[in-house]
Amino acid sequence: MLTMNSFNFAGKRAIIRVDFNVPLNSSFEITDDTRIRAAIPTIQKILKDGGSVILMSHLGRPKEGPVDKYRLRHLLPDLKSKLGVDVKFAPDCIGEEAKTMAAALKPGEVLLLENLRFYKEEEKGDPEFAKKLAGLADVYVNDAFGTAHRAHASTTIIVDFFPGKSMFGYIMENEVSSIDKVMRDPKKPFTAILGGAKVSTKITIIENLLGKVDNLIIGGGMTYTFIKAMGGKIGNSLVEEDFVEMAKKVMNLAREKRVNLYLPVDGVNADKFDNDAQISVSPIDQVPDGWMGLDIANQTIAKFSEVIEGSKTILWNGPMGVFEMPNFQKGTVEIAKSIVRATEKGAYTLVGGGDSVAAINQFGMAGKVSYVSTGGGALLEYIEGQVLPGIKAIRGY
Ligand code: AMP
């Protein structure tokens, strides 16, 4: 398999699938440039080798062709200043103009193509569309982990038109090797910490992880479906009645697989869903009528921390409570701190999937864990055990 570092891009035109799906304000200014910043090393390596770069991405979810809001030209000023070179722009991602502009690229030059999703063919994975994009370049680089779980034209189908000439960019390389460290080759003990609102959205992940982990810690809103399954009193806490049976199955499966399943033993309850609600602490299975559990409490924090700090591999997805409200964020903060301490003791720690990333960023701890995945949905599908088409297209599995 080709890699960024072993390939010399001199004299080559590389087309990179980047994830420039960044948030814009009403004046079309970028409000969070993380994704663009992340892609710079891949672009710069190619330029430094003496290659030229064609960038393609989606932005937003345009339904019917081009819309001003989702034009990639909005990103040009930012991209130019980050790269320190001029960036040309093709107002259509395929067609004669794009072809001419791509063919005219000289070493060290960069061309940005218009939003791929202005064509329905992109998400449909249309081979003719992929072929047109492929015709613009000599080599293909996929650096868009966030869309690796979709078999779109620019993420997957295009690889067929670059036999032996496609590779991961640095973001993809990092994401894939970090997740593989956890999911394929974890040092033991391996602990997964799952939180967040619902069991239903995490059930496949739980089932897959039960075949891999030594310890499974469950916190957050999904706790109460398990507590209900065990006959506890959960008051008005979040519960998914349809998943109570499933929670029982999960507990049995954990026993069968000899996985230690840790549920909270105490919780912080509120008399309404509000930061200024009245607060009480109770055993997790004795939430008073009319109250709801919104965070884990001290005994739980102590137990979870002990398990986490005795682990060599840790995967964390989902907050332990309603961390958006200051009065119910302590559980999530303390678990994040334990993960940081485990990292300091040599554990490999991966944080990913939506709200746990938001939480660790909010607490300023992102630099203190081994890896924070930017993947979102792609990461979740990977830990569900699915093969991601964008990854498979390049490395074969
Ligand atoms: P998810 O997207 O499933 O990871 O859920 C994340 C959301 O779960 C966050 O917005 C949290 O506020 C919410 N959450 C965590 N714990 C609880 C809880 N005990 N009750 C209600 N919502 C919760």
Every pair of residues 6+ apart whose Cβ atoms lie under 9 Å, when the first sits in the stretch 271-287 and is at negative phi while the second is among the small types (Gly, Ala, Ser) and open to solvent by 60 Å² or more (accessible area, probe 1.4 Å):
285/231
Counting only residues that are farther than 19 Å from residue 153 by Cβ, small (Gly, Ala, Ser) and touching a strand residue (DSSP E or B) at 6+ places or on another chain (Cβ under 9 Å), the stretch 37-86 contains a total of 3
Which members of the stretch 243-266 meet the condition of being part of a loop (DSSP other than H, G, I, E, B) and not charged (D, E, K, R)?
259, 263, 264, 265
Enumeration of residues in the stretch 40-67 that are open to solvent by less than 10 Å² (accessible area, probe 1.4 Å) and farther than 22 Å from residue 92 by Cβ
42, 46, 51
Could you check, for the stretch 205-213, whether at least one of its residues is among the β-branched types (Val, Ile, Thr), more than 16 Å from the ligand (Cβ to nearest atom), out of contact with any Gly (no Cβ under 9 Å at 6 or more places or on another chain) and more than 24 Å from residue 323 (Cβ to Cβ)?
no
Might you check whether a residue that is without any contact (Cβ under 8 Å) to a residue 40 or more places away in the chain and either more than 23 Å from residue 270 (Cβ to Cβ) or touching a His at 6+ places or on another chain (Cβ under 9 Å) (or both) occurs anywhere in the stretch 233-245?
yes
The number of residues in the stretch 68-82 that are open to solvent by 40 Å² or more (accessible area, probe 1.4 Å) and either within 18 Å of residue 25 (Cβ to Cβ) or in contact with a Phe, Trp or Tyr (Cβ under 6 Å, 6 or more places away or on another chain) (or both) is 7
Those residues that are within 14 Å of the ligand (Cβ to nearest atom) and on the phi < 0 side of the Ramachandran plot, I need them from the stretch 305-324; list them, please.
315, 316, 317, 319, 320, 321, 322, 323, 324
Run residue 202 past the list (1) among the charged types (D, E, K, R); (2) closer than 30 Å to residue 35 by Cβ; (3) in the same structural domain as residue 286 (by TED's automatic domain parsing); (4) open to solvent by 40 Å² or more (accessible area, probe 1.4 Å) and report the number of the one that doesn't hold.
(4)
Would you please name the residue that is nearest to the chain's Cα centre (by Cα), looking only at residues in the stretch 171-204 that are part of a loop (DSSP other than H, G, I, E, B), charged (D, E, K, R) and away from the ligand (no atom under 11 Å from the Cβ)?
184
Looking at residue 227, is it within 16 Å of the ligand (Cβ to nearest atom), of a type in the set (A, V, I, L, M, F, W, C), out of contact with any strand residue (DSSP E or B) (no Cβ under 7 Å at 6 or more places or on another chain) and part of a helix (DSSP H, G or I)?
yes
Does the stretch 98-143 hold any residues that are touching a Pro at 6+ places or on another chain (Cβ under 7 Å) and acidic (Asp, Glu), and which are they?
114
Those residues of the stretch 184-206 which are more than 16 Å from residue 352 (Cβ to Cβ) and touching a helix residue (DSSP H, G or I) at 6+ places or on another chain (Cβ under 7 Å), in sequence order
199, 200, 203
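Are there strands (runs of 3 or more DSSP E) fully within the stretch 267-369 with at least 3 residues that are open to solvent by 50 Å² or more (accessible area, probe 1.4 Å)? List them.
So the answer is 279-283.
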Residue 254 within 16 Å of the ligand (Cβ to nearest atom) and surrounded by 15 or more Cβ atoms within 10 Å (Cβ to Cβ):
no
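The values are calculated or read from the model by the stated rules, or taken from the named source; none is laboratory data. This one's a predicted model, so the numbers in the text were calculated from it and none came from an experiment. So basically every Cβ, Gly included, is an ideal-geometry build from the backbone, and we count neighbours across all protein chains shown. All accessible areas refer to the heavy atoms of the entire protein, side chains included, with ligands and DNA or RNA removed. Shrake-Rupley method; radii C 1.70, N 1.55, O 1.52, S 1.80 Å.
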